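The values are calculated or read from the model by the stated rules, or taken from the named source; none is laboratory data. Being a predicted model, the structure only gives us computed values, none of them experimental. Neighbour counts are summed over all protein chains in view; Cβ atoms, including those assigned to glycine, are modelled from backbone coordinates with ideal geometry. Just so you know, the surface numbers come from the protein's heavy atoms only, side chains and all, with ligands and any DNA or RNA stripped out. Shrake-Rupley method; radii C 1.70, N 1.55, O 1.52, S 1.80 Å.
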There are 2 protein chains.
Amino acid sequence: MNLLLAGSFDEAERAEWALALRAALPGHCLLLSRDEAPAASIAAAIVANPPPGALQGLPALRLIQSLWAGVDRLLADSTLPPGVPVARMVDPAMNAAMAETALWATLALHRGFFTYQCQQRAGLWLPHAQRRADELPVLLLGGGQMGGTAAARLAALGYPVTVWRRQSGASGTPGVQVVAGDTALREALARTRVLINLLPLTPDTRGLIDARLLAALPRGAGLVNLARGAHVIDTDLLAALDSGHLGHAVLDVFHTEPLPAGHRYWLHPQVTVLPHAAAATDARSAAAVVARNIAALAAGAPLANLVARDAGY
Amino acid sequence: MNLLLAGSFDEAERAEWALALRAALPGHCLLLSRDEAPAASIAAAIVANPPPGALQGLPALRLIQSLWAGVDRLLADSTLPPGVPVARMVDPAMNAAMAETALWATLALHRGFFTYQCQQRAGLWLPHAQRRADELPVLLLGGGQMGGTAAARLAALGYPVTVWRRQSGASGTPGVQVVAGDTALREALARTRVLINLLPLTPDTRGLIDARLLAALPRGAGLVNLARGAHVIDTDLLAALDSGHLGHAVLDVFHTEPLPAGHRYWLHPQVTVLPHAAAATDARSAAAVVARNIAALAAGAPLANLVARDAGY
């Protein structure tokens, strides 16, 4: 089959993805530009935030496979061909990377390591009281593959973990409780020491982390946002940090990326800024995930990781 | 039995330990000062770096139980009564805390979080290439209870873990290899990305982390010292950092503590200074560990966690 790779890559990234995808897709032809073959011959598009309009006029298109886990920008493109199935990336290496970042941030908040790094710059030697992991409830917003992996690893270290997702149910992981709904969210927030956001960005979740939600946390809690900047109302978050109600925020994602020079987050002593580096798709394992879906498409078998386009994830 | 509590505590610490120990030792009498009972009535001393001479002239003393895991300072006291068994602290909460610190430091070195925090202060948005945990071999020096707990947790996250200890043997933990001897140490160092020190301080291990050992690491590796400052030759470590051979050092312990003002470690951009906070003994769980040894003493049963005084640990 003819497959089109379309994305907002730099040259090195495009070359890396082309190499990994071609190695995983022998017997198929990966096009790096629409000029390389007739539009009507392209059966699937493999995309990473393609420029708007990039997928228009492809009459034989039967799959849009994203290389990124988040598809909010892709689905926001009004020129995206309607009716063509969209699959998101579910990459085990990316799930592991996201869990690593969640674990690192939780350990740092739990054990005071951000505080110690701040004290170091002031030349201050001051150990703080040590709490056990079981005294530090963690709330994960989002119970998808990434939330599930992070929850299991946090629970294995002894943290009491609650996962908030659209539907409640059994977690299947010891030490992990799954809840749903607004009331359960308020109850969970009230006992949370570390709040980790791994939600998809949808009309329902945009702006969820606002003054009201932050006020429901106990004083001194920490926030870790690894999902999308638009989940957060920045002015509310800054107010909660400035008042001391929120102890610290670890932010990997922002309304505008790169985070603009001069933004208050850059120099805020209670904010750790990461350059959208919490978890990258790993080209090596992701190419194998793409190949499995392309093989299913070729065989007429069910496609994996399909997005509910109306729900937005 | 009459038990003497002797240590270099401040008043709040002494009160916390007295409370926890008395709750765990009903039926025994915990003395906070030698004046409270005749010297010949004291059967055991519960100690935390007691002042030199504090245990002299106690003819009935049958156990010196340390509240700290490290007994190098205790054994260096030439007035320590000879022939009296010395037990060190083996506290599950402390083992867990040490493993948390080792995990946090490894994740931060692996995923570039120290670099991102440095970049944040410069207002620099620059993601770096992401490696999988299985691409990051970790070498733990010391295979005691703390090393074993840390090794198991690191291996569970996918890091290839080697433990170097006095005797080689099976690790009993999947993903953890145990080695011993100088040759095996050199071989392991050559493939190590993160080196974690959890050794006891003895004449054999003092100054072990010197220019020769650091030179055996690949360029850019990280060092995490959670054991004793005297394991490290500071001038050699600073030279390895300044040359770029060593990428970063996380140091919890120092030759002099608190780390003196003006010491180069405080402001070195590749050094993270912690105020000897990697793992504190937890009074609640440690008191139960003490109580089990006191019960054994009272019953004439074998004592646990005894130190080989000639070996120094």
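Within region A:51-106, being acidic (Asp, Glu) and within 13 Å of the chain's Cα centre (by Cα) holds for A:Asp72, A:Asp91, A:Glu100.
Taking the listed residues B:Ala221, B:Ala261, the one that is within 12 Å of chain A (Cβ to nearest Cβ), among the hydrophobic types (A, V, I, L, M, F, W, C) and without any contact (Cβ under 8 Å) to a residue 60 or more places away in the chain is B:Ala261, with no other qualifying.
Assessment of region A:28-45 against the conditions (under 15 Å from A:Thr281 (Cβ atoms) and within 24 Å of the chain's Cα centre (by Cα)) yields no matching residue.
Suppose the filter is within 17 Å of the chain's Cα centre (by Cα), at negative phi and among the hydrophobic types (A, V, I, L, M, F, W, C); does A:Leu185 pass it? Talk me through it step by step, then tell me what you get.
Values: within 17 Å of the chain's Cα centre (by Cα): no; at negative phi: yes; among the hydrophobic types (A, V, I, L, M, F, W, C): yes.
So A:Leu185 does not fit the description; no.
Restricted to region B:91-109, and to residues there that are open to solvent by 10 Å² or more (accessible area, probe 1.4 Å) and more than 18 Å from B:Leu274 (Cα to Cα), the residue that is farthest from the other protein chains (Cβ to nearest Cβ) is B:Pro92.
Please verify whether A:Thr173 is open to solvent by 40 Å² or more (accessible area, probe 1.4 Å) and either touching a residue at least 24 places away in the same chain (Cβ under 8 Å) or at negative phi (or both), treating the condition exactly as stated.
Here the answer is yes, as A:Thr173 does meet what is asked.
State whether one or more residues within region A:203-211 are more than 14 Å from chain B (Cβ to nearest Cβ) and under 28 Å from A:Tyr116 (Cβ atoms). Yes: one or more hits.
The condition (being over 16 Å from the mean Cα position of the chain (by Cα) and charged (D, E, K, R)) is satisfied by just one residue among A:Arg165, A:Arg153: A:Arg153. Annotation: of all residues in region B:110-140 being more than 8 Å from chain A (Cβ to nearest Cβ) and in contact with a strand residue (DSSP E or B) (Cβ under 9 Å, 6 or more places away or on another chain), the one that is most open to solvent (accessible area, probe 1.4 Å) is B:Thr115. Taken together, A:Ala102, A:Ala129, A:Ala184, A:Ala155 contain a single residue that is in contact (Cβ under 8 Å) with a residue 24 or more places away in the chain and either of a type in the set (A, V, I, L, M, F, W, C) or more than 30 Å from B:Ala261 (Cα to Cα) (or both), which is A:Ala102. Tell me, please, whether a residue that is assigned to a helix (DSSP H, G or I), charged (D, E, K, R), surrounded by fewer than 15 Cβ atoms within 10 Å (Cβ to Cβ) and modelled with pLDDT of 95 or more can be found in region B:18-34. Checked region B:18-34: no residue is assigned to a helix (DSSP H, G or I), charged (D, E, K, R), surrounded by fewer than 15 Cβ atoms within 10 Å (Cβ to Cβ) and modelled with pLDDT of 95 or more. Does A:Val86 satisfy the condition of being hydrophobic (A, V, I, L, M, F, W, C), more than 11 Å from chain B (Cβ to nearest Cβ), open to solvent by 10 Å² or more (accessible area, probe 1.4 Å) and touching a Leu at 6+ places or on another chain (Cβ under 8 Å)? Criteria not met by A:Val86.
Restricting the search to helices (runs of 4 or more DSSP H) fully inside region B:183-290 and requiring at least 1 residues that are open to solvent by less than 10 Å² (accessible area, probe 1.4 Å), under 28 Å from B:Asp310 (Cα atoms) and modelled with pLDDT of 95 or more gives B:211-215. Selection of first residues in region B:45-59 that are at positive phi and of second residues that are surrounded by fewer than 22 Cβ atoms within 10 Å (Cβ to Cβ), restricted to Cβ pairs under 7 Å at least 6 apart or on distinct chains, gives the following pairs, ordered by first then second residue: B:Asn49/B:Gly7; B:Asn49/B:Ser8; B:Asn49/B:Trp68; B:Asn49/B:Arg73; B:Asn49/B:Leu74; B:Gly53/B:Thr79; B:Gly57/B:Ala39. Condition test on A:Gly312, is it assigned to a loop (DSSP other than H, G, I, E, B), of a type outside the set (A, V, I, L, M), at pLDDT below 95 and open to solvent by 10 Å² or more (accessible area, probe 1.4 Å)? In short, yes. Residues in region A:141-178 that are within 14 Å of chain B (Cβ to nearest Cβ), hydrophobic (A, V, I, L, M, F, W, C) and touching a Leu at 6+ places or on another chain (Cβ under 7 Å): A:Ala150, A:Leu154.
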